[in-house]
Amino acid sequence: MQALILAGGQGTRLRPLTESIPKPVLPLAGRPHIAYVIDWLESHGVHDVVVSCGFLAEEVRDALDGITGPRVRFATEPEPRGTAGAIRFAADQLGDRFLVLNGDVLCDLDLTAMVAQHESTGARATIALFPVDDPSAYGLVRRSEDGAITEFLEKPDPAEIDSDEINAGAYFLERSVLDLIEPGVAVSIEREVFPRLVGEGLYGRRLDGYWMDIGTPDRYLQASWDILEGRVETATGQLVGDGGLLVDEGAEVHPDARLASPAMVEAGTTVGSGAAVGPRAVVGPECSIAEGASVSGSVLLSGCTIGAGAKLDGAILSAEAVVAPGAEVEAGAIVAAGERVG
(Lines give C-alpha, C1' and ligand atoms only; values in the text may rest on other atoms or scores of the structure.)
Protein backbone atom coordinates (compact mmCIF):
# COMPACT_ATOMS: atom_id res chain seq x y z
CA MET A 1 0.00 0.00 0.00
CA GLN A 2 1.07 3.56 -0.72
CA ALA A 3 0.55 6.82 1.18
CA LEU A 4 1.11 10.52 0.55
CA ILE A 5 1.79 12.75 3.58
CA LEU A 6 0.99 16.44 3.13
CA ALA A 7 3.84 18.21 4.92
CA GLY A 8 4.13 21.56 3.17
CA GLY A 9 2.34 23.88 5.61
CA GLN A 10 4.02 26.78 7.42
CA GLY A 11 2.51 26.16 10.86
CA THR A 12 1.72 29.85 11.43
CA ARG A 13 -0.27 29.21 14.62
CA LEU A 14 2.86 27.74 16.23
CA ARG A 15 5.20 30.64 15.49
CA PRO A 16 7.88 31.42 16.54
CA LEU A 17 8.41 27.68 17.13
CA THR A 18 7.95 26.96 13.41
CA GLU A 19 10.05 29.80 12.04
CA SER A 20 13.00 27.44 11.66
CA ILE A 21 11.34 24.01 12.08
CA PRO A 22 8.58 22.79 9.73
CA LYS A 23 5.46 21.85 11.71
CA PRO A 24 5.40 18.20 10.47
CA VAL A 25 8.87 17.55 11.90
CA LEU A 26 8.55 19.41 15.19
CA PRO A 27 10.07 17.32 17.99
CA LEU A 28 7.25 15.58 19.81
CA ALA A 29 8.31 13.61 22.89
CA GLY A 30 11.77 13.06 21.47
CA ARG A 31 10.99 12.31 17.82
CA PRO A 32 9.98 14.29 14.73
CA HIS A 33 6.20 14.29 14.60
CA ILE A 34 6.16 12.84 11.09
CA ALA A 35 8.04 9.76 12.37
CA TYR A 36 4.93 8.86 14.39
CA VAL A 37 2.84 9.23 11.23
CA ILE A 38 5.12 6.85 9.34
CA ASP A 39 5.02 4.33 12.20
CA TRP A 40 1.21 4.47 12.06
CA LEU A 41 1.19 3.93 8.30
CA GLU A 42 3.60 0.99 8.54
CA SER A 43 1.36 -0.68 11.13
CA HIS A 44 -1.40 -0.70 8.50
CA GLY A 45 0.68 -2.25 5.73
CA VAL A 46 2.01 0.86 3.98
CA HIS A 47 5.37 0.15 2.36
CA ASP A 48 5.80 3.23 0.15
CA VAL A 49 5.51 6.81 1.50
CA VAL A 50 5.68 10.01 -0.53
CA VAL A 51 6.15 13.19 1.51
CA SER A 52 4.82 16.37 -0.10
CA CYS A 53 7.10 19.22 1.00
CA GLY A 54 7.01 22.97 0.59
CA PHE A 55 7.99 25.28 3.44
CA LEU A 56 11.51 24.44 4.72
CA ALA A 57 11.57 21.32 2.55
CA GLU A 58 15.24 20.58 3.21
CA GLU A 59 14.59 20.43 6.96
CA VAL A 60 11.84 17.86 6.35
CA ARG A 61 14.25 15.74 4.33
CA ASP A 62 16.94 16.01 7.00
CA ALA A 63 14.54 14.95 9.76
CA LEU A 64 13.71 11.76 7.87
CA ASP A 65 17.28 10.93 6.86
CA GLY A 66 18.04 7.36 7.87
CA ILE A 67 14.51 6.52 9.00
CA THR A 68 13.76 2.80 8.90
CA GLY A 69 10.58 1.10 7.73
CA PRO A 70 8.70 2.03 4.54
CA ARG A 71 10.46 3.53 1.55
CA VAL A 72 10.28 7.33 1.78
CA ARG A 73 10.38 9.64 -1.24
CA PHE A 74 9.74 13.36 -1.60
CA ALA A 75 7.75 15.69 -3.86
CA THR A 76 8.77 19.33 -3.33
CA GLU A 77 6.29 21.94 -4.55
CA PRO A 78 7.78 25.06 -6.18
CA GLU A 79 5.04 27.13 -4.50
CA PRO A 80 2.06 26.36 -2.20
CA ARG A 81 -0.73 24.64 -4.15
CA GLY A 82 -3.25 23.66 -1.48
CA THR A 83 -4.09 20.17 -0.31
CA ALA A 84 -5.41 18.95 -3.67
CA GLY A 85 -2.75 20.81 -5.65
CA ALA A 86 -0.07 19.02 -3.62
CA ILE A 87 -1.64 15.66 -4.42
CA ARG A 88 -1.79 16.52 -8.13
CA PHE A 89 1.85 17.67 -8.09
CA ALA A 90 2.92 14.27 -6.70
CA ALA A 91 0.88 12.34 -9.31
CA ASP A 92 3.92 10.91 -11.09
CA GLN A 93 4.90 9.07 -7.89
CA LEU A 94 1.41 7.77 -7.06
CA GLY A 95 -0.21 4.51 -8.12
CA ASP A 96 -3.78 3.46 -8.88
CA ARG A 97 -4.98 4.01 -5.29
CA PHE A 98 -3.33 5.52 -2.25
CA LEU A 99 -3.80 6.99 1.20
CA VAL A 100 -3.48 10.75 1.76
CA LEU A 101 -2.79 12.14 5.24
CA ASN A 102 -2.40 15.57 6.75
CA GLY A 103 1.11 15.78 8.20
CA ASP A 104 0.07 17.67 11.35
CA VAL A 105 -2.21 15.03 12.91
CA LEU A 106 -1.19 12.54 15.59
CA CYS A 107 -3.52 9.57 15.73
CA ASP A 108 -3.91 5.80 15.87
CA LEU A 109 -7.11 5.39 13.85
CA ASP A 110 -7.80 2.09 12.07
CA LEU A 111 -6.80 2.82 8.48
CA THR A 112 -7.21 -0.86 7.60
CA ALA A 113 -10.93 -0.63 8.38
CA MET A 114 -11.26 2.46 6.18
CA VAL A 115 -9.54 0.73 3.26
CA ALA A 116 -11.74 -2.35 3.71
CA GLN A 117 -14.91 -0.25 3.50
CA HIS A 118 -13.55 1.60 0.46
CA GLU A 119 -13.10 -1.68 -1.36
CA SER A 120 -16.49 -3.07 -0.34
CA THR A 121 -18.39 0.03 -1.53
CA GLY A 122 -16.43 0.54 -4.73
CA ALA A 123 -15.83 4.16 -3.70
CA ARG A 124 -13.75 6.68 -5.59
CA ALA A 125 -12.78 8.35 -2.32
CA THR A 126 -13.26 7.46 1.34
CA ILE A 127 -12.76 9.98 4.15
CA ALA A 128 -11.86 9.01 7.72
CA LEU A 129 -14.41 10.57 10.07
CA PHE A 130 -13.70 11.23 13.72
CA PRO A 131 -16.23 12.05 16.46
CA VAL A 132 -15.65 15.26 18.44
CA ASP A 133 -17.62 17.05 21.14
CA ASP A 134 -17.85 20.29 19.16
CA PRO A 135 -17.82 19.78 15.37
CA SER A 136 -18.50 23.49 14.79
CA ALA A 137 -14.80 24.15 15.30
CA TYR A 138 -13.90 21.88 12.36
CA GLY A 139 -16.91 21.56 10.07
CA LEU A 140 -19.54 18.84 10.00
CA VAL A 141 -19.73 15.86 7.63
CA ARG A 142 -23.12 14.30 6.98
CA ARG A 143 -23.56 10.80 5.55
CA SER A 144 -26.23 8.20 4.93
CA GLU A 145 -26.49 4.83 6.66
CA ASP A 146 -24.39 3.11 3.99
CA GLY A 147 -21.57 5.62 4.50
CA ALA A 148 -22.17 7.73 1.39
CA ILE A 149 -21.37 11.36 2.19
CA THR A 150 -24.31 13.68 1.52
CA GLU A 151 -23.12 17.10 2.69
CA PHE A 152 -20.30 19.17 4.18
CA LEU A 153 -21.27 21.94 6.58
CA GLU A 154 -18.63 24.49 7.54
CA LYS A 155 -19.04 26.24 10.92
CA PRO A 156 -22.60 25.04 11.54
CA ASP A 157 -24.92 26.84 13.93
CA PRO A 158 -25.76 24.83 17.08
CA ALA A 159 -29.24 24.14 15.71
CA GLU A 160 -27.74 22.56 12.58
CA ILE A 161 -25.51 20.09 14.42
CA ASP A 162 -27.04 16.63 14.02
CA SER A 163 -23.83 14.60 13.97
CA ASP A 164 -20.48 14.62 15.76
CA GLU A 165 -18.32 13.51 12.81
CA ILE A 166 -15.59 15.65 11.25
CA ASN A 167 -13.06 15.13 8.48
CA ALA A 168 -10.04 13.55 10.21
CA GLY A 169 -7.59 14.47 7.44
CA ALA A 170 -7.03 10.89 6.22
CA TYR A 171 -8.34 9.68 2.85
CA PHE A 172 -8.17 6.69 0.55
CA LEU A 173 -8.37 7.77 -3.09
CA GLU A 174 -8.64 6.16 -6.50
CA ARG A 175 -6.37 7.70 -9.11
CA SER A 176 -9.39 8.95 -11.05
CA VAL A 177 -9.82 11.65 -8.37
CA LEU A 178 -6.71 13.34 -9.80
CA ASP A 179 -8.72 14.10 -12.95
CA LEU A 180 -10.76 16.60 -10.90
CA ILE A 181 -7.67 18.61 -9.92
CA GLU A 182 -6.30 21.20 -12.32
CA PRO A 183 -2.50 20.92 -12.43
CA GLY A 184 -0.24 23.80 -11.51
CA VAL A 185 -2.72 25.81 -9.41
CA ALA A 186 -3.76 25.97 -5.76
CA VAL A 187 -6.76 23.70 -5.08
CA SER A 188 -8.33 22.55 -1.79
CA ILE A 189 -9.41 18.93 -1.68
CA GLU A 190 -11.73 19.65 1.27
CA ARG A 191 -13.51 22.68 -0.21
CA GLU A 192 -13.29 22.13 -3.97
CA VAL A 193 -12.80 18.46 -4.80
CA PHE A 194 -14.81 16.51 -2.22
CA PRO A 195 -18.01 18.57 -2.70
CA ARG A 196 -17.89 17.67 -6.40
CA LEU A 197 -17.72 13.99 -5.47
CA VAL A 198 -20.91 13.99 -3.38
CA GLY A 199 -23.19 11.45 -5.03
CA GLU A 200 -20.30 10.31 -7.24
CA GLY A 201 -18.60 7.67 -5.08
CA LEU A 202 -17.63 9.65 -1.98
CA TYR A 203 -17.91 7.73 1.31
CA GLY A 204 -16.99 8.24 4.93
CA ARG A 205 -15.89 5.77 7.59
CA ARG A 206 -16.23 6.60 11.28
CA LEU A 207 -13.06 5.65 13.15
CA ASP A 208 -12.78 5.79 16.91
CA GLY A 209 -9.47 6.02 18.73
CA TYR A 210 -7.05 8.89 19.31
CA TRP A 211 -6.85 11.98 17.05
CA MET A 212 -5.09 15.30 17.65
CA ASP A 213 -4.24 18.16 15.29
CA ILE A 214 -0.97 19.49 16.78
CA GLY A 215 -1.26 22.85 15.01
CA THR A 216 -1.75 25.08 18.08
CA PRO A 217 0.44 25.50 21.18
CA ASP A 218 -2.17 23.97 23.50
CA ARG A 219 -2.66 20.93 21.27
CA TYR A 220 1.08 20.51 20.72
CA LEU A 221 1.57 20.35 24.49
CA GLN A 222 -1.41 18.05 24.96
CA ALA A 223 -0.11 15.65 22.30
CA SER A 224 3.21 15.48 24.19
CA TRP A 225 1.46 14.54 27.42
CA ASP A 226 -0.79 12.04 25.65
CA ILE A 227 2.25 10.22 24.29
CA LEU A 228 3.88 10.02 27.71
CA GLU A 229 0.61 9.01 29.38
CA GLY A 230 -0.17 6.31 26.81
CA ARG A 231 -3.39 7.81 25.44
CA VAL A 232 -2.13 7.20 21.90
CA GLU A 233 -0.25 4.13 20.68
CA THR A 234 3.37 5.11 19.95
CA ALA A 235 6.83 3.58 20.12
CA THR A 236 7.87 6.30 22.57
CA GLY A 237 4.93 5.62 24.86
CA GLN A 238 5.95 1.96 25.06
CA LEU A 239 9.34 3.02 26.48
CA VAL A 240 7.87 5.01 29.36
CA GLY A 241 8.31 3.12 32.63
CA ASP A 242 5.58 2.19 35.06
CA GLY A 243 6.36 5.33 37.01
CA GLY A 244 5.58 7.53 34.03
CA LEU A 245 9.18 8.69 33.56
CA LEU A 246 11.48 8.35 30.55
CA VAL A 247 15.01 9.49 31.42
CA ASP A 248 17.77 8.79 28.93
CA GLU A 249 20.82 7.06 30.40
CA GLY A 250 22.91 9.90 28.97
CA ALA A 251 21.13 12.48 31.14
CA GLU A 252 22.58 13.62 34.47
CA VAL A 253 19.96 14.14 37.17
CA HIS A 254 21.21 15.27 40.59
CA PRO A 255 20.14 12.97 43.44
CA ASP A 256 18.42 15.94 45.09
CA ALA A 257 16.40 16.85 41.99
CA ARG A 258 12.70 15.94 41.86
CA LEU A 259 11.10 14.30 38.84
CA ALA A 260 7.29 14.06 38.74
CA SER A 261 5.54 11.93 36.13
CA PRO A 262 4.80 12.14 33.36
CA ALA A 263 8.16 13.52 32.30
CA MET A 264 10.88 12.92 29.73
CA VAL A 265 14.54 13.97 29.96
CA GLU A 266 16.72 13.39 26.89
CA ALA A 267 20.41 12.60 26.51
CA GLY A 268 23.05 15.17 27.45
CA THR A 269 20.73 17.14 29.71
CA THR A 270 21.73 18.05 33.26
CA VAL A 271 19.27 18.66 36.10
CA GLY A 272 20.75 20.40 39.13
CA SER A 273 20.28 20.01 42.87
CA GLY A 274 16.82 20.94 44.11
CA ALA A 275 15.45 21.39 40.61
CA ALA A 276 11.96 20.07 39.84
CA VAL A 277 10.97 18.60 36.46
CA GLY A 278 7.33 17.64 35.87
CA PRO A 279 4.61 16.80 36.07
CA ARG A 280 4.09 17.00 32.33
CA ALA A 281 7.49 18.06 31.09
CA VAL A 282 9.57 17.14 28.05
CA VAL A 283 13.20 18.30 28.25
CA GLY A 284 15.10 17.88 25.00
CA PRO A 285 18.75 16.90 24.51
CA GLU A 286 21.70 18.96 25.76
CA CYS A 287 19.63 21.19 28.03
CA SER A 288 20.73 22.57 31.39
CA ILE A 289 18.35 23.05 34.31
CA ALA A 290 20.16 24.75 37.18
CA GLU A 291 19.69 24.26 40.89
CA GLY A 292 16.29 25.15 42.29
CA ALA A 293 14.66 25.69 38.89
CA SER A 294 11.17 24.35 38.17
CA VAL A 295 9.84 23.07 34.83
CA SER A 296 6.23 21.84 34.64
CA GLY A 297 3.66 21.58 31.87
CA SER A 298 6.36 22.68 29.43
CA VAL A 299 8.37 21.47 26.43
CA LEU A 300 12.03 22.43 25.95
CA LEU A 301 13.67 21.74 22.62
CA SER A 302 17.39 21.04 22.33
CA GLY A 303 20.09 23.07 24.04
CA CYS A 304 17.92 25.22 26.33
CA THR A 305 19.38 26.76 29.49
CA ILE A 306 17.24 27.33 32.59
CA GLY A 307 18.90 29.46 35.27
CA ALA A 308 18.90 28.85 39.00
CA GLY A 309 15.53 29.35 40.63
CA ALA A 310 13.75 30.04 37.32
CA LYS A 311 10.19 28.80 36.89
CA LEU A 312 8.42 27.53 33.76
CA ASP A 313 4.77 26.49 33.73
CA GLY A 314 2.94 25.72 30.48
CA ALA A 315 5.58 27.16 28.15
CA ILE A 316 7.34 26.04 24.97
CA LEU A 317 11.02 26.89 24.42
CA SER A 318 12.60 26.67 20.99
CA ALA A 319 16.16 25.38 20.60
CA GLU A 320 18.94 27.20 22.47
CA ALA A 321 16.53 29.45 24.39
CA VAL A 322 17.81 30.85 27.68
CA VAL A 323 15.81 31.65 30.82
CA ALA A 324 17.76 33.82 33.26
CA PRO A 325 18.12 32.92 36.95
CA GLY A 326 14.97 33.72 38.90
CA ALA A 327 12.89 34.50 35.80
CA GLU A 328 9.35 33.17 35.38
CA VAL A 329 7.84 31.99 32.07
CA GLU A 330 4.08 31.58 32.30
CA ALA A 331 1.49 29.46 30.52
CA GLY A 332 1.03 30.14 26.81
CA ALA A 333 4.49 31.58 26.20
CA ILE A 334 6.55 30.41 23.23
CA VAL A 335 10.19 31.51 23.31
CA ALA A 336 11.93 31.75 19.93
CA ALA A 337 15.15 29.94 19.09
CA GLY A 338 18.17 31.47 20.81
CA GLU A 339 16.13 34.10 22.64
CA ARG A 340 16.78 35.06 26.26
CA VAL A 341 14.11 35.62 28.89
CA GLY A 342 15.42 38.09 31.49
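The values are calculated or read from the model by the stated rules, or taken from the named source; none is laboratory data. Quick caveat, the model's predicted, so the values are computed rather than measured. Because the Cβ atoms are built from the backbone with ideal geometry, glycine has one as well, and the counts that use them run over all protein chains shown.
The figures follow:
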quantity	calculated
Filter result for the condition that a residue is touching a Pro at 6+ places or on another chain (Cβ under 9 Å), at pLDDT below 85 and not assigned by TED's automatic domain parsing to the domain that holds Leu246, over Ala91, Ala86, Ala57	Ala57
Qualifying residue in the stretch 80-94 (condition: within 19 Å of the chain's Cα centre (by Cα) and closer than 23 Å to Ile227 by Cα)	no
Scope the stretch 303-338; condition surrounded by fewer than 20 Cβ atoms within 10 Å (Cβ to Cβ) and in contact (Cβ under 8 Å) with a residue 60 or more places away in the chain; matching residues	Gly314, Gly332, Ile334, Ala336, Ala337
Test: residue in the stretch 193-210 that is closer than 30 Å to Ile316 by Cβ, not aliphatic (A, V, I, L, M) and not in a loop (DSSP other than H, G, I, E, B)	no
Number of the condition not met by Leu17 [criteria: (1) more than 12 Å from the chain's Cα centre (by Cα); (2) outside any loop (DSSP other than H, G, I, E, B); (3) touching a residue at least 60 places away in the same chain (Cβ under 8 Å)]	(2)
Residues of the stretch 35-94 satisfying the condition of being on the phi > 0 side of the Ramachandran plot and either basic (Lys, Arg) or surrounded by 18 or more Cβ atoms within 10 Å (Cβ to Cβ) (or both)	Leu56, Gly82
All positions within the stretch 117-160 that are of a type in the set (A, V, I, L, M), in contact with an Asp or Glu (Cβ under 9 Å, 6 or more places away or on another chain) and either surrounded by fewer than 16 Cβ atoms within 10 Å (Cβ to Cβ) or not assigned by TED's automatic domain parsing to the domain that holds Ile181 (or both)	Val132
Test for Leu300: is it of a type outside the set (Val, Ile, Thr), under 17 Å from Trp225 (Cα atoms) and crowded, with 17+ Cβ neighbours inside 10 Å	yes
Looking only at the stretch 323-342, and only at residues there that are part of a loop (DSSP other than H, G, I, E, B) and not small (Gly, Ala, Ser), the one that is farthest from Pro285 (Cα to Cα)	Glu330
Set Ala275, Ala267: member being at pLDDT 95 or above and more than 18 Å from Ala319 (Cα to Cα)	Ala275
